[in-house]
1. What is the extension gain from Ser63 to Cys322, computed as 0.36 nm multiplied by their sequence separation minus the C-alpha to C-alpha distance, in nm to one decimal?
2. In nm, give the distance between the simple-model label positions of Thr332 and Ile368, each being 7 Å from the Cα along the Cα-to-Cβ direction.
3. Tell me the label-point distance for the pair Cys350, Phe2, using the 7 Å Cα-to-Cβ offset, in nm and rounded to one decimal.
4. What order do you get for Ile32, Ile120 when you list them from fewest to most C-beta neighbours inside 10 Å?
5. What's the local net charge at Ser20, with K and R +1, D and E -1, over the other residues with C-beta under 14 Å away?
6. Spin-label point model (7 Å from Cα, Cβ direction): what's the Gln234 to Gln157 distance in nm?
7. What full-extension length gain, to one decimal in nm, is calculated for Leu52 and Glu340 as 0.36 nm per residue of separation minus the Cα-Cα distance?
8. Would you please give the FRET efficiency between Asp292 and Leu31, computed as 1/(1 + (r/R0)^6) with r the Cβ-Cβ distance and R0 = 30 Å, to the nearest 0.05?
Amino acid sequence: MFIDTRALLHDWFLQTGLSSVLELLMELVSLILDVISRPTWWGLSLELGLKLPFSNAYFPYKSDLLNSFTGPLLYESFLQLVHRTRKSASLNRELCDPTINPSAVRVALIDHKSIWALAISFPEWFYFASVLLFSDDKKSQQNIQVRCPLGVLEFGQLTAAAATFIAWILSPVNKSNQDTLSENLTKLSKCWNLKEISSDNSQNGMAGYKKKLKKPRFCDSKEDSTLGNKYDCQVIILWLKQFQNIMKHNETIDDMAFCESQSYALLQQHDKLFRRVPLGILIGSSSYINEDGCELLLHYAATGPEDLFGGINKEEAVSGACLVFSVTDVVTRLSVSLFETEKSGEDFLCLVKLRTGRYLLKCIKRLIQFNVDADGVPMVSGSPR
């Protein structure tokens with residue numbers, strides 16, 4: 001039943017591009033894995049729990065990669081995962097000759113049997129890649145990833161892998177589009193990490209007037225978490241404009257080369273996922289960016305670039321609140337893998353919650369305002385209080 005339900009939800013998502021469908025799919029996958037791993041916590045007897053099939057039985061397609069997606073989020077694990085996903089995607093292209101049946105290639109790359117379908121069910125890897133994309137400070141490797149196996153890993157290698165993974169998630173069909181998107185993401189990553197943000201809004205806007213930034217880094221000290229930067233919002237706005245130019249340029253290349261009936265719906269979802277990439281800055285540099293900067297990144301991810309400082313309607317308020325809860329859920333999972341001690345992980349999680357709390361409160365207050373009737377009487381669940 002789970003296999004059929006997952007396939008149905010995935011096909012539904014491909015046809016509609018609805019975020020709610022994707023979120024339901026991710027929750028379903030998370031739930032079934034949790035039931036398998038701790039059946040007694042869900043009220044099942046130990047005897048019945050021991051009779052449950054192993055997780056691979058619930059994921060008959062690409063099950064060899066399941067352990068990678070369900071394993072801890074480590075640097076070397078991520079590099080191996082990127083290598084394996086690229087290899088699998090390349091193999092699918094070779095098996096389906098695009099000159100004979102190009103639609104077969106598209107189907108093989110994005111249907112419920114594909115590795116892409118498995119990858120989008122584990123959003124923590126997408127967020128982990130976003131964090132790595134904007135991190136090059138070697139001190140951050142010591143602070144946030146002390147569980148990484150011994151060995152020297154260059155942040156340049158991690159950044160390139162992160163850009164490749166994100167580009168593949170956003171554009172799984174068109175290899176040329178993937179390469180272009182990956183290249184542009186890498187450029188903007190360097191722009192951020194080299195402390196240079198251009199005020200030029202052109203697609204080549206890496207030159208011109210530049211403002212200096214303190215290098216983002218992972219810190220959990222109270223001293224660092226209280227630091228503010230008066231240029232936070234101004235710099236982030238300039239950077240987001242450059243980031244949005246990537247989206248516009250990417251849309252002009254093609255429409256992700258999906259089947260015609262799915263192009264528009266998935267392009268909308270592509271836009272939403274694309275806007276969440278900068279949340280890697282919020283998660284990885286929450287001690288560096290003040291609440292105003294965090295609120296700006298969250299608002300951009302939830303509503304888009306149209307009006308970063310305008311009011312939010314009811315739909316956007318709901319979207320913003322849900323986004324904060326999604327981010328904190330992912331950070332909770334990240335904190336388990338990324339820190340050696342439980343206390344360090346809890347401090348990291350608390351800091352992210354602190355930085356996102358104001359925007360969540362703003363969205364909730366806005367929703368309360370929408371639930372007040374014309375006479376000013378507060379309404380709760382549709383009834384006068």
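What follows is calculated from the coordinates using simple rules that are stated; it is not laboratory data. On a predicted model such as this, the values are computed, not experimentally measured, just so you know. Using ideal geometry, Cβ is built from the backbone for each residue, glycine included, and neighbour counts are taken over all protein chains shown.
1. 90.2 nm
2. With each label placed 7 Å out from Cα toward Cβ, I get 2.4 nm.
3. For Cys350 paired with Phe2, the spin-label model returns 3.5 nm.
4. Sorted ascending by nearby Cβ count, the order is Ile32, Ile120.
5. In short, -2.
6. 4.0 nm
7. 100.5 nm
8. 0.25
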